[in-house]
Amino acid sequence: MLSAILLAIGLNLGSNTAEPKTPSGVTVSFADETNQRIMPTRLFAARVEAGESPAVGIAPTGWSGMFSGTLNLPIRTRAELALRGSGSAVLSIDGEVVLEGALDTDLQTKQLRLNKGERSVTLEWTPPREGPAWIRLLWDGRDFTLEPIPTQQLTATETHDNIEHGLDLIAEHRCTACHASQASTFVSDLDRPAGSLRDAGQRLHGRWVQEWLLDPSAHRADTAMPALLSGPNAEQDAADLAAWVVSMGSGTLQATPGRPEDGKVLAAKLQCLNCHVLEPEDDYDGISLAGVSQKYQPGAMADFLRAPHARSPWSKMPDFRLSEQEAADLEAFLREAVPGQGAGVTGDVVRGEELATALRCGNCHQSDAPPMPSVPLPTGTQESMEGCLANDASSTPDFRLSDVEQTAINQTFAALASTTAPTNFGLAARAINSLRCTSCHARDGQASLGEGRTLDVDPALLADPHAPEVDQTLPHLDGTGEKLRTEHLLKTLAGTRTEEVRPWMHARMPGFGAWAAPLTTSLVAEHGMPQDETFVATEKADAAVGRMLVGLEGYGCITCHGVGDEPPMAAFEAVGVNFAQSAERLRPGWYHRWMDDPLRITPSTRMPRYADPVTGKAVRPDILDGNATAQFDAIAAWLANGAQPGFADEYDFDDEDEYDDE
């Protein structure tokens with residue numbers, strides 16, 4: 001009813017004209033007194049901090065939310081449904097209210113019988129007037145404890161608006177560099193400056209720059225760089241602009257000799273082909289590396305790989321924290337795999353700078369061309385596709401926008417003009433798509449897009465001599481915001497951790513520059529979790545019992561897990577994360593879910609199940625009366641107290657031939 005009234009008297013920020021899709025997850029509708037947004041999201045969950053807005057275009061106060069989706073049940077299921085959060089909510093299954101009330105106390109149904117098939121689920125949410133607003137829908141079945149309903153069992157039934165797509169396009173094409181928007185203060189990824197050209201003369205070959213400027217999309221089909229030149233003088237204009245570009249920065253970079261064979265092995269370990277192709281391919285959406293030898297001067301490719309965010313903080317290229325030699329080896333491999341010869345350019349530098357100023361190159365790129373004053377971004381839907389939306393390089397930049405893209409951008413103008421408070425809830429979906437996170441990681445029951453793609457490298461060269469059989473499966477991303485504490489997640493995404501969590505992995509978790517902080521916040525909000533949460537056990541938990549449980553008298557956890565500077569005792573096919581990192585990494589709720597049934601969270605894990613999911617009884621009935629929750633709480637107390645080592649002396653084991661996790 002509320003949505004119908006809003007549509008009648010106010011503004012619907014974006015019509016539901018997105019391309020038809022049936023993705024996993026649900027939709028959430030946020031509405032204030034005037035505007036409505038309908039967004040895709042993965043879970044029946046959200047968190048909006050005090051003073052923030054739930055979505056672009058929605059006021060920070062006086063809003064409400066409604067989640068809707070289909071729960072797909074392969075078999076008849078008996079489960080209890082629970083709501084946690086703030087404010088009040090109404091939960092309905094197939095149109096029947098099953099839970100209703102204020103969320104200042106926990107709400108939970110009795111056991112419900114949910115028949116096999118598709119069950120319609122709606123969750124109406126009224127947030128509190130003050131303080132953080134958050135909500136989580138959980139369920140508890142016969143053989144599993146309280147958990148979010150898995151995304152892969154949910155289907156969005158309502159078509160979402162185009163505005164999230166429009167936001168990504170506006171940010172990707174750097175519209176606010178020339179068209180100022182008040183929303184830049186509130187949408188953290190809206191302003192993404194392009195790479196600096198200050199030292200382009202040290203890095204780029206002039207001929208490549210000329211060819212790039214003539215037709216950027218010929219080099220990279222998905223580039224955000226517009227076509228700027230047209231007409232009979234386009235080739236000379238490109239030459240003059242290229243001459244100006246490479247006039248900035250003098251001298252040459254010092255190039256470390258690289259070993260192509262080592263670079264190939266490293267590229268295989270880092271799984272570069274999950275995102276890239278060496279030559280254009282029709283059957284895989286990879287970023288082609290063809291032409292890199294013509295683009296980069298000697299040493300420049302390695303220089304970029306070592307610090308991809310130095311000149312462009314919002315670059316999508318991840319930072320793998322490469323050593324000088326590793327970067328040189330990768331450059332040597334790429335120059336051998338996709339050979340080419342760079343060349344200079346002949347052009348008029350002075351005229352090139354004049355062209356750069358006229359074309360406003362300095363608005364996007366740091367360069368010798370000064371930025372020009374901004375023209376405000378439109379504040380409402382445009383009746384006709386003009387200006388930058390027109391795809392006409394003769395008078396304006398030509399971004400080669402499709403009809404869907406033009407419509408999405410056009411519909412986003414009004415939402416941005418209505419944005420008056422910080423908003424970060426929807427950024428995670430945009431960022432994970434932009435950064436191609438699922439090219440390496442599985443998520444929501446879908447294998448990684450790059451699974452099976454690899455270079456032709458002898459497997460023996462990839463194997464760790466200390467642990468040649470250790471599983472190399474990368475962790476999935478299903479519950480990242482629910483699993484990891486915010487500080488640790490930020491260090492992970494920023495690439496600033498001082499210790500590797502999984503040092504046995506061939507792959508290496510990279511950093512993502514300016515993306516890291518807003519993506520961290522958004523991933524946590526996506527799960528309805530607080531930004532600050534400490535790993536703690538209950539007061540009655542006995543850390544001494546926990547230490548015994550992880551030792552050989554208990555479950556023998558130290559067989560696979562290291563403790564501080566002590567490596568695992570006998571890890572073979574599986575190595576566990578060092579216990580000394582657990583309290584710093586994990587949220588307590590996720591820890592208990594994992595201990596209750598690790599196979600439910602990660603079906604491929606080698607971690608054993610130590611409790612009966614039906615009875616809650618532990619495998620060891622002689623400890624704490626076989627109460628699994630009490631046993632796992634005791635282990636949590638030991639972990640929270642620092643997971644002190646000392647097992648090596650206690651058990652007198654020889655670790656010389658064991659896996660070294662330093």
Fill in the blank from the handout: For the range 458-555, the Cα-Cα pair-distance distribution in 5 Å bins from 0, as whole percents, is 2, 10, 15, 15, 15, 16, 14, 9, 3, 1, 0
Problem - Cα centroid of the range 441-461 to Cα centroid of the range 260-338, whole Å - result: 17
Problem - Nearest-20 debye value, the range 151-297 charge dipole, Cβ charges on Lys, Arg, Asp, Glu - result: 800
Handout entry: Pairs of lysine residues in the chain - Cα separation under 30 Å, sequence separation of 8 or more or cross-chain
Key = 22
Practice task
On a 0 to 90° scale, report how tilted helix 516-526 is relative to the longest principal axis of the chain, with both axes built from alpha carbons and the result rounded to the nearest 10.
Solution key: 50
Practice task
Using a 1.4 angstrom probe, figure out how much accessible area the range 446-541 has per residue, in square angstrom, rounded to the nearest whole.
Solution key: 49
Problem - Nearest-ten-degree value, helix 163-172 long axis tilted from longest Cα axis of the chain - result: 50
Problem - Dipole in debye (nearest 20) - the chain, about Cα centre, beta carbon charges: Lys, Arg +1; Asp, Glu -1 - result: 1440
Exercise for the section: Would you mind putting 550-556, 23-29 in packing order, based on average other-beta-carbon counts within 10 Å, highest first? Expected result: 23-29, 550-556
Fill in the blank from the handout: Residues other than R443 with Cβ under 10 Å of its Cβ, Lys/Arg counted +1 and Asp/Glu -1, net out at -1
Exercise for the section: With a 1.4 Å probe and every protein chain left in place, work out the accessible area per residue of the range 134-239 in Å², rounded to a whole number. Expected result: 39
Exercise for the section: With the full set of protein chains in place, find how many percent of the accessible area of the chain is carbon and sulfur; take the probe as 1.4 Å. Expected result: 51
Exercise for the section: Starting from one equal scatterer on each C-alpha and no solvent at all, send me the Debye-based log10 I(q)/I(0) for the chain at q = 0.07, 0.08, 0.11 Å⁻¹, two decimals. Expected result: -0.54, -0.70, -1.22
Exercise for the section: Find the centroid of the Cα atoms in the range 92-149 and in the range 611-645, then give the distance between the two in whole Å. Expected result: 29
Handout entry: Accessible surface, per residue, of the range 18-98 when the full set of protein chains is kept, probe 1.4 Å, Å²
Key = 36
Problem - Radius 14 Å from Cβ of A102, net charge of other residues (Lys, Arg +1; Asp, Glu -1) - result: -2
Practice task
Determine the relative contact order of the chain: mean sequence separation of Cα pairs under 8 Å and six or more apart, normalised by residue count, in whole percent.
Solution key: 14
Exercise for the section: Specify which residue in the list T407, S439, G387 is farthest towards the positive end of the charge dipole of the range 367-447, using unit charges on the beta carbon of Lys, Arg (+1) and Asp, Glu (-1), about the Cα centre. Expected result: S439
Practice task
Would you mind putting 188-194, 283-289, 422-428, 503-509 in packing order, based on average other-beta-carbon counts within 10 Å, highest first?
Solution key: 422-428, 188-194, 503-509, 283-289
Problem - Helix axis angle, 349-358 relative to the chain longest principal axis, alpha carbon, degrees - result: 60
Fill in the blank from the handout: Env charge @ S418, Cβ radius under 12 Å, K,R +1 / D,E -1, value -1
Practice task
Sort the following peptides by mean Cβ neighbour count (other Cβ atoms within 10 Å, averaged over residues), highest first: 237-244, 73-80.
Solution key: 237-244, 73-80
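The values are calculated or read from the model by the stated rules, or taken from the named source; none is laboratory data. Just so we're clear, the structure is a prediction, and the values are computed from it rather than from any experiment. FYI the Cβ positions are ideal-geometry reconstructions off the backbone, even for glycines, and counts take in every protein chain you see. Quick note on the areas: whole protein, heavy atoms, side chains included, nothing else; ligands and nucleic acids left out. Shrake-Rupley method; radii C 1.70, N 1.55, O 1.52, S 1.80 Å.
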